[in-house]
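The values are calculated or read from the model by the stated rules, or taken from the named source; none is laboratory data. Computed from a predicted model, the values in this text were never measured in an experiment. Here Cβ is always computed from backbone atoms with ideal geometry, including for glycine, and neighbour counts include all displayed protein chains. To get the accessible areas, we keep the full protein, side chains included, count just its heavy atoms, and leave off ligands, DNA and RNA. Shrake-Rupley method; radii C 1.70, N 1.55, O 1.52, S 1.80 Å.
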Amino acid sequence: MEETAKISVTGTDSNIPVTETWLRKHRLIYDGATRHPFIVSIRDGSVDFSSFKRWLGQDYIFVRSFVPFVASILMKSWKESTDESDMEVILGGMASLNDEINWFKNEASKHHVSLTSVVPQNANINYCRFLESLMSSEIEYPVAITAFWAIESVYQQSFAHCLEEGNRVPQELKETCERWGNEGFGAYCDSLRGIVDLCLQKASAEVTAKAEVFFLSVVEHEVEFWNMSIGDASM
Ligand SMILES: Cc1ncc(CO)c(N)n1
């Protein structure tokens, strides 16, 4: 039988999920986030403790802004999603944030970080403003759920990398790596990715293109967040 030519045009080949297309197309930028020098320094144990404490305080501020963002995704899924199971996956993510905020408070007291005196750095302020912009009704559910998946996935892949064979993560940072690098969180990110791919199969080319732009914006904000954690002068 004649071999049919397989034409895969980026994002439009129905056989390849859209997120797979993006991860291939943007592999360099994505790896720049999930294999950032800050992450590599945690993995190889060379991270200095002041960077970790800076990250801890800043991420606590981020997570407090992340809560209303996830709530807005819940609202959009209720209004726009054709698949009821979306809400349960998002609700699961929402529920874990309550535990997450308590985890930050415990971790901060363990490492003598005063969360009440943390001043948000520019990269964090910009990222939280970006989250707020995603809550607008102008942002379609497929675009918002794409950003949500990307935000969670960068952390999962970053900290899973720290836990890989041969790592030299300092004992004090193991719990942090486990928090986002564990397989359960990986499965949750895969569920979010499945929702994104299903949504974008039904979305217009315009919404899919917009979702890709926001995917890239998330990756850029994550890189800036790691730069800030290292104590990058551009913060
Ligand atoms: C900056 C940032 N990105 C993603 C996550 C994962 O929720 C987090 N806690 N902080």
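Could you run through segment 203-235 and say how many residues are at pLDDT 95 or above, open to solvent by 70 Å² or more (accessible area, probe 1.4 Å) and over 20 Å from Ser133 (Cβ atoms)? Even if it seems obvious, please write down each step before you answer.
Here is the first cut: in segment 203-235, the residues at pLDDT 95 or above are 203-229.
Okay, now just the ones that are also open to solvent by 70 Å² or more (accessible area, probe 1.4 Å), so 205-206, 213, 220, 224.
Narrowing the set further to residues that are over 20 Å from Ser133 (Cβ atoms) leaves 205.
Residues in segment 203-235 being at pLDDT 95 or above, open to solvent by 70 Å² or more (accessible area, probe 1.4 Å) and over 20 Å from Ser133 (Cβ atoms): 1 in total.
Here are the criteria: (1) open to solvent by 30 Å² or more (accessible area, probe 1.4 Å); (2) more than 25 Å from His111 (Cβ to Cβ). Tell me which single one Gly186 does not satisfy.
Unmet for Gly186, out of (1) open to solvent by 30 Å² or more (accessible area, probe 1.4 Å); (2) more than 25 Å from His111 (Cβ to Cβ): (1).
Among Tyr141, Tyr155, Tyr127, which is the only one that is away from the ligand (no atom under 15 Å from the Cβ), closer than 18 Å to Phe215 by Cα and within 18 Å of the chain's Cα centre (by Cα)?
Unique residue meeting the criteria: Tyr141.
Within segment 191-219, how many residues turn out to be within 12 Å of the ligand (Cβ to nearest atom) and out of contact with any Gly (no Cβ under 9 Å at 6 or more places or on another chain)? It would help to see each step written out before you state the result.
Taking segment 191-219 and keeping what is within 12 Å of the ligand (Cβ to nearest atom), we get 192, 218-219.
After this cut, where a residue has to be out of contact with any Gly (no Cβ under 9 Å at 6 or more places or on another chain) as well, the list is 218.
The total comes to 1.
In segment 158-182, which residues are in contact with a Leu (Cβ under 9 Å, 6 or more places away or on another chain) and either more than 15 Å from the ligand (Cβ to nearest atom) or modelled with pLDDT under 95 (or both)?
Listed by number, the residues that qualify are Val169, Lys174.
When both residues are 6+ apart or on different chains and their Cβ atoms are under 9 Å apart, which pairs have a first residue that lies in segment 47-62 and is without any contact (Cβ under 8 Å) to a residue 24 or more places away in the chain, and a second that is assigned to a helix (DSSP H, G or I) and away from the ligand (no atom under 14 Å from the Cβ)?
Close Cβ pairs (under 9 Å, with a partner that is assigned to a helix (DSSP H, G or I) and away from the ligand (no atom under 14 Å from the Cβ)) amount to Asp48/Ser41.
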